């Protein structure tokens, strides 16, 4: 059996999570990955359903060791394994990027947006907008309601620009590891 001590170094504790929030660092900055963990992630980016035994053969670990590492990567918040759907195929026919300019602190606005089910990500950014987010809605009426009755009413929102998606040309989650 392999010594568990080296693998423990790959997992953050609850106190590490508190430190990450306090220091405003990302989980990726707080978690140091070794080459084997990076190779596991790359295997799962190619196929999120790839069996742990197959991954183990590719990276030189047992199936159990791969399972433990994957669980730690998920628990640390560094990685998640999800089913990505085509919104159109599940009844969500309107997608849009929303650019938002704010007055005052950005975090409360980002938090409020993050609470909305229709918003699948929120980015605090520099440039033309203070925040960018993506909305996935059932139809134009649903998007209109989201924008008019929820997004624009958030305290601190000054200006909203909506960019309707006409066609998704590329979507990839295989950026690898560094």
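Within segment 131-153, at least one residue is loosely packed, with under 11 Cβ neighbours inside 10 Å and assigned to a loop (DSSP other than H, G, I, E, B). Taking the condition modelled with pLDDT of 65 or more and in contact with a strand residue (DSSP E or B) (Cβ under 8 Å, 6 or more places away or on another chain), does residue 61 pass? Here the answer is no, as residue 61 does not meet what is asked. Residues that are over 17 Å from the mean Cα position of the chain (by Cα) and either on the phi > 0 side of the Ramachandran plot or not in a helix (DSSP H, G or I) (or both) within segment 48-85 comprise 49, 50, 51, 60, 61, 62, listed in sequence order. Apart from one condition, residue 84 fits all of (1) exposed (fewer than 14 other Cβ atoms within 10 Å of the Cβ); (2) free of Cβ contacts under 8 Å to residues at least 24 places away in the same chain; (3) out of contact with any strand residue (DSSP E or B) (no Cβ under 8 Å at 6 or more places or on another chain); the exception is (2).
The values are calculated or read from the model by the stated rules, or taken from the named source; none is laboratory data. Since the structure is predicted, the reported quantities are computational estimates derived from the model, not experimental observations. Cβ: placed from backbone, ideal geometry, glycine included. Neighbour counts: every protein chain shown.
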